[in-house]
Amino acid sequence: MKTSRKQTGRQGFTLIEVLVVMAILALMAGMVMPRVLGRQKSANLDAAKTQIDAFRGALDQYALDMNSYPSTEQGLAALAKEPDSEEDGPKGNWRGPYLGKNSVPKDPWGSKYEYEYPSERFEGKEPAIWSFGPDGIDDTEDDILSWTKTSEDGEEMDDEEDLDDESGDDMDAGDGGGDEL
């Protein structure tokens, strides 16, 4: 006796159907990913600028309490840890930690923020704070600075266009495409 089986429903997807769906997903990812990655770069630049501003505020509070900014040797760690000796400032005046945490955060690219006081990088009475930026190399166009760069003739330099041209992104200045504070 022969029994016949009738297919009453589908058992799965055909190879063609799976390939069509994968092609559609690949096209969608190809359109979305560049926008997401561009926003990530912009978000990292904005985060670094915001963190440097927060350091500046914390350093101003430290200077009010300690009568001076931390030295280059003390660095940003002075905002998180009480001075060990009177040489680092009057211990009784320290009212920290001046940061939200008991440690100094790293920049969005995982490197430490640089600090210098008194600064040799620009003429000013405030400390210099900077991040090496996405490339991790000091004194390049993508560094995020707490001061404004000036040219040889004393005019402010406009690095926003240079940074946008190098990265190939079409971000306008409101999207964080610049590297200065």
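Readers should treat all values here as calculations from the given coordinates under stated rules, not as data from a laboratory. In this text, all values refer to a predicted model and were calculated from it rather than measured experimentally. Cβ coordinates were reconstructed from backbone atoms using ideal geometry, including for glycine residues, and neighbour counts include every protein chain displayed.
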**Message:** Going by what's in this entry, would W147 be described as within 21 Å of L79 (Cα to Cα), touching a Leu at 6+ places or on another chain (Cβ under 9 Å) and without any contact (Cβ under 8 Å) to a residue 40 or more places away in the chain?
**Reply:** yes
**Message:** If I go through the stretch 106-121 residue by residue, how many of them are within 17 Å of Q74 (Cβ to Cβ), in contact with a strand residue (DSSP E or B) (Cβ under 6 Å, 6 or more places away or on another chain) and assigned to a loop (DSSP other than H, G, I, E, B)?
**Reply:** 2
**Prompt:** Say we look at the stretch 94-112 and pick out the residues that are in contact with a Pro (Cβ under 8 Å, 6 or more places away or on another chain) and under 26 Å from A43 (Cβ atoms); which of these is surrounded by the most Cβ atoms within 10 Å (Cβ to Cβ)?
**Reply:** L99
**Request:** Look through S103, S71 and report the one residue that is within 21 Å of S131 (Cβ to Cβ), free of Cβ contacts under 8 Å to residues at least 40 places away in the same chain and part of a loop (DSSP other than H, G, I, E, B).
**Result:** S103
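Please determine, by comparing only the residues of the stretch 122-136 that are assigned to a loop (DSSP other than H, G, I, E, B) and under 14 Å from the mean Cα position of the chain (by Cα), which one is surrounded by the most Cβ atoms within 10 Å (Cβ to Cβ).
Among those residues, the one meeting the criterion is G133.
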